[in-house]
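Everything on this sheet refers to the single structure shown next.
Just so it is clear, none of the values below were taken in a lab; they were calculated from the coordinates. Worth saying up front: this structure is predicted, and the values here are computed from it rather than measured. Every residue, glycine among them, receives a Cβ derived from its backbone with ideal geometry; neighbour counts consider all protein chains shown.
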Amino acid sequence: MSAPSPRHFLDLWKLEGSELRKILEDAKARKAARAGWPKGKPDADRPADGRTLAMIFQKNSTRTRFSFDAAMRQLGGDVIISNAVDMQLGRGEPIEDTARVLSRMVDAIMIRANSHEDVERLAMWSSVPVINGLSDRGHPCQIVADLMTFEEHRGPVTGKTLAWVGDGNNVCSSFIHAAPKLGFRLNIASPAVFHPDMMDLARAAEQQGLITTGHDPYDAVRGADCVITDTWVSMGDTDHDERVEALEPFQVDGRLMAVANQEALFMHCLPAHRGEEVTDEVMDGPQSVIWDEAENRIHAQKSILAWCFGAI
Ligand code: CP
Ligand code: NVA
């Protein structure tokens, strides 16, 4: 009899809405249960006791790296972290072989990958859960933290309107994946050349996702409960000048925020480029919840890990 396949966390479109909801509620409960505790103290239930997470980075990271590390400690587990260039992976060892070796040594693997195909191949050959810590096609862990942040401030996201302004990139894709799962509206404004992924949009439409796309940021933001943007030049993008030129009209500034709902939040996964995709006024303004969003990466990662381990 073959072993049951592990619970990978690769893309939100593959997840049932009820599972995503379970992860969000667990993250909120875990955060509340340890309010005021030192950050290194493990949660009472220690759901990762005796477990080790391997983290592989093909790209830079601050939030994902530190939050997964802190998360495993708070879950009572441990981590092994490596940049891919320091591994044999960086010298051409196949990802399939890496998967089989690491599966014998650790209990889960998180990878930040250049190519989404690498994430899929790692998962295909791994006998332990694989987590997508960002690829060129998605950033699902980020969106769990973002939705948690929204709900902390504004209650259930179902029926609310989120506006994405700027590059139709990997983070935008994961919002598209999440929209039909939790029933929020997503208005996207991007330049035609940096349009969101058509496959993601088609899949969301099949799942009755309420998503609009267009090229006018004001149309997208009008009446929105949250305005979200991201860098114009993601890791791995090589067309810097073309991007900056096309994306300049998509800067989130005070004038744009003023057409959203009065209570609208501003979110950005960070790192931000102040003066490019967002102004200081918005980053540091009263509608910005970016630091809660960054903190919630820890709480969200913990519940993603607990889900992968079958603890929730
Ligand atoms: N938002 C995010 O994933 O940040 P890092 O690139 O620092 O991990
Ligand atoms: N879209 C950005 C997100 C960084 C967290 C990138 O892929 O570089």
* **the chain, dipole about Cα centre (Lys/Arg Cβ +1, Asp/Glu Cβ -1), debye to the nearest 20** => 1400
* Structure fact -> Straight-line reach check, residue 302, cutoff 18 Å on alpha carbons, 8 or more apart in-chain or any other chain, hits among lysines -> 22, 28, 31, 39, 41
* **the stretch 185-234 - Kirkwood radius from inverse mean 1/r over Cα pairs (Å)** => 11.8
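Relative contact order for the chain: what percent, with Cα pairs under 8 Å and sequence separation of 6 or more?
Reported as a whole number, the value is 20 percent.
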* Structure fact -> With bins of 5 Å, the percent of all Cα-Cα pairs of the stretch 162-246 per bin from 0 is 3, 16, 28, 25, 17, 8, 3, 0
* Asked: Per 5 Å bin, what percent of the C-alpha pairs of the stretch 126-174 does each bin hold, from zero upward?
  -> 5, 18, 21, 22, 17, 10, 4, 3
* Hey, in the GNM for the chain with a 10 angstrom Cα cutoff, which one of 81, 23, 131 fluctuates hardest? -> 81
* Determine the gain in length on full extension of the stretch residue 32-residue 82; use 0.36 nm per residue of separation and subtract their C-alpha separation, reporting nm with one decimal. => 14.9 nm
* Structure fact -> The Kirkwood hydrodynamic radius of the stretch 1-94, taken as the inverse of the mean 1/r over all distinct Cα pairs, in Å, comes to 15.7
* GluC sites (Glu not before Pro) within the stretch 177-271: DSSP coil, no more than 13 neighbouring Cβ in 10 Å -> 263
* To do: Return the calculated 222 nm mean residue ellipticity for the chain, to the nearest 500 deg cm²/dmol, obtained by summing -39500 (n - 2.57) across DSSP H runs with n ≥ 4 and dividing by the residue count.
  => -12000 deg cm²/dmol
* Work through the residues other than residue 234 whose Cβ is under 10 Å from its Cβ and net out their charges, Lys, Arg +1 and Asp, Glu -1. => -2
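Quick one: net charge of residue 196's neighbours, Cβ under 14 Å, K/R +1, D/E -1? Present the calculation step by step, with values, prior to reporting the outcome.
Values: positive: 137, 203; negative: 136, 167, 197, 200, 230.
Once all neighbours under 14 Å are counted, the net charge is -3.
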* **Cα extents of the stretch 40-141 along the three principal axes, largest first (Å)** => 41, 27, 23
* Asked: So what's the net charge close to residue 61: Lys and Arg +1, Asp and Glu -1, counting the other residues with Cβ under 11 Å from its Cβ?
  -> +4
* Using only Cα atoms, tell me the angle between helix 63-74 and the longest principal axis of the chain; keep it within 0 to 90° and round to the nearest 10. => 50
* **Qualifying trypsin sites (Lys or Arg not before Pro) for the stretch 38-126 [loop in DSSP, other Cβ within 10 Å: at most 13]** => 39, 104
* Asked: Under the Kirkwood approximation for Rh and a Cα-based Rg, what ratio Rg/Rh is obtained for the stretch 211-253?
  -> 1.00
* To do: Largest first and in whole Å, give the semi-axes of the chain's equivalent ellipsoid, each being the square root of 5 times a Cα gyration tensor eigenvalue.
  => 31, 22, 18
* Structure fact -> Between the modelled labels at residue 240 and residue 114 (7 Å from Cα along Cα→Cβ) the distance in nm is 1.8
* Structure fact -> At q = 0.09, 0.13, 0.16 Å⁻¹, the log10 of I(q)/I(0) for the stretch 192-312 from a Debye sum over equal Cα scatterers comes to -0.32, -0.66, -0.97
* To do: Assign unit charges at the C-beta atoms only (+1 for Lys and Arg, -1 for Asp and Glu), then state the dipole size of the stretch 173-312 relative to its Cα centre in Debye, rounded to the nearest 20.
  => 720
